[in-house]
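Enquirer: Take a look at the following structure, please.
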Amino acid sequence: MEFSQDDFNRLLMFEHARKSAEATYGKDPLDADNLTKWGEALLELSQFQTVAEAKKMIDEAISKLEEAMMLNPTANAMWSIGNANTSHAFLTPDLSEAKKYFDKAADYFQQAVAEDPTNELYSKSLEVCAKAPELHMEIHKHSSSQQTMGGESSPPSNAKGSKKKANSELKYDIFGWIILAVGVVSWLGMAKSHVPPPTR
């Protein structure tokens, strides 16, 4: 897996955030904000892992975020757990299994909206989550057809390499869609917060 300089910088930044949160947790395990930061850092780091490792890291992120929720249920922690479940769902090829994660994500996004109804980011995340199963089907359908075509045209000796490449491309496709959705939602949230007040 090759990284651009920006990817490498992001990897270093989130790895530092993870280590810092882990150290802070050793001193104060009841710091809900720190647990939320730790979970969010793990979620970001999962993007740089293989699919199997990404799922493990996302599960660990969910665990940290749920621990934060038990201490102090904030809208941000709810939103972050929703994002983690959405990420896990996109990495799960079986739609019926992925749907369970999408449903959990929708529940957490709904809780975040209920906690802070004026936050556009939470509302948009809930809207995008409603469309996620359809997007999931398209991504995995596209991936399946690529793998089938790649498998038919490749000689048997390259089948393993071709499958590995297809799995890597699938992962980048999935994370690309996730990043795009989160980016659009974040941009809308920032744009909404920077609208000047009406003049009288």
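Enquirer: Considering each residue of segment 93-106, count those that are free of Cβ contacts under 8 Å to residues at least 24 places away in the same chain and crowded, with 16+ Cβ neighbours inside 10 Å, and give that number.
Expert: 2
Enquirer: List every residue pair whose Cβ atoms sit under 7 Å apart, with the two residues 6 or more apart in sequence or on different chains, where the first one lies in segment 29-41 and is surrounded by fewer than 17 Cβ atoms within 10 Å (Cβ to Cβ) and the second, anywhere, is of a type in the set (Asp, Glu).
Expert: none
Values quoted throughout were computed directly from the atomic coordinates according to the rules given, and no laboratory measurement underlies them. These figures come from a predicted structure and were not determined experimentally. We place every Cβ from the backbone using ideal geometry, glycine too, and count neighbours over all the protein chains shown.
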